[in-house]
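Novice: Mind having a look at this structure? Questions to follow.
Bear in mind these aren't lab numbers, they're just calculated from the coordinates by the rules spelled out. None of the values given here were measured: they were computed from a predicted structure. Using ideal geometry, Cβ is built from the backbone for each residue, glycine included, and neighbour counts are taken over all protein chains shown.
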Amino acid sequence: MTASALQEVAIKSFERFLSHLGMIRDPRRAEGMLYKLPHVLLFAILAIVTGANSYRGIRTFIKAHRRRLNKAFKIGWKRPPAHTAIRYILQGLDPADVEKIFREHAADLNGGEAPTGARILAFDGKALRGSFDAFNDVKARQILSAFAADTALVLAHIEIDEKSNEIPAVQKLLEELDVAGHIVTLDAMHCQKNIRNCRRSAGASDRSIERQPADLMPQGRGRLLQHQAAFRRSDGRS
């Protein structure tokens, strides 16, 4: 495959994602925007994936690959945006808008894969690396993710309240995501009767709620009580 063909394939793979990023509200004024928001966000993501961990690092990535990015995405950036401009753009984004767009993109990718077996959705909470602040005595942030095991995609994530745990966060994601036809896996802390009762009252239809465990050994329990009573009589205690 020629270099131009490879470039065409790369561009097409980003077209859908760029269209999603274009739906995020731009915090800047419409006048004099030299750098379009979808490209700024995409290049910032590419920079972070390749190891950038600061606004200056994102700018350095764009500066080093500016010619390639211009050619690949058919843009005409003469210079990379200043790190202060990148900071202003990223800090001005509405987190809810960004999460909504990324969920839609992940759902598109997940739905595009033909399932070969049972679809498994795993909910798990993890500490966000580097989010703690020892100087200000701020604990690390806890993030709950919904991970599609068969496609290796994070379909959604939500921050866990510092004064709570992941139980209410899971209930919120279960309401927001379409989990029909999926096997959902959770930690043992979610096996609580009050949670199951709440989901039953909300009309949930998972198997653990519809079919409560039955008493499978009533006769065996009766025989055990009879043997205990006989033992007490023979021992002279009844």
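Novice: Among the residues of region 147-154, is there at least one that is within 29 Å of residue 175 (Cβ to Cβ), aliphatic (A, V, I, L, M), in contact with a strand residue (DSSP E or B) (Cβ under 6 Å, 6 or more places away or on another chain) and not in a strand (DSSP E or B)?
Specialist: yes
Novice: Could you tell me how many of the residues in region 65-114 are surrounded by 12 or more Cβ atoms within 10 Å (Cβ to Cβ), among the small types (Gly, Ala, Ser) and within 16 Å of residue 40 (Cβ to Cβ)?
Specialist: Within region 65-114, residues that are surrounded by 12 or more Cβ atoms within 10 Å (Cβ to Cβ), among the small types (Gly, Ala, Ser) and within 16 Å of residue 40 (Cβ to Cβ) number 3.
Novice: Go through region 44-54 and give me each residue that's within 21 Å of the chain's Cα centre (by Cα) and either buried (at least 18 other Cβ atoms within 10 Å of the Cβ) or assigned to a loop (DSSP other than H, G, I, E, B) (or both).
Specialist: Residues satisfying the conditions are 44, 47, 50, 51, 53.
Novice: Could you list, in sequence order, the residues of region 100-143 that are of a type in the set (A, V, I, L, M) and part of a loop (DSSP other than H, G, I, E, B)?
Specialist: 114, 118, 128, 134, 140
Here's the yes/no breakdown for (1) surrounded by 12 or more Cβ atoms within 10 Å (Cβ to Cβ); (2) more than 18 Å from the chain's Cα centre (by Cα):
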{"site": "116", "(1), (2)": "no, yes"}
{"site": "122", "(1), (2)": "yes, no"}
{"site": "132", "(1), (2)": "yes, yes"}
{"site": "143", "(1), (2)": "yes, no"}
{"site": "151", "(1), (2)": "yes, no"}
{"site": "177", "(1), (2)": "yes, no"}
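Novice: Give the residue, chosen from 79, 56, that is out of contact with any Asp or Glu (no Cβ under 8 Å at 6 or more places or on another chain), basic (Lys, Arg) and without any contact (Cβ under 8 Å) to a residue 24 or more places away in the chain. It would help to see each step written out before you state the result.
Specialist: Numbers: 56 fails: without any contact (Cβ under 8 Å) to a residue 24 or more places away in the chain.
It is 79.
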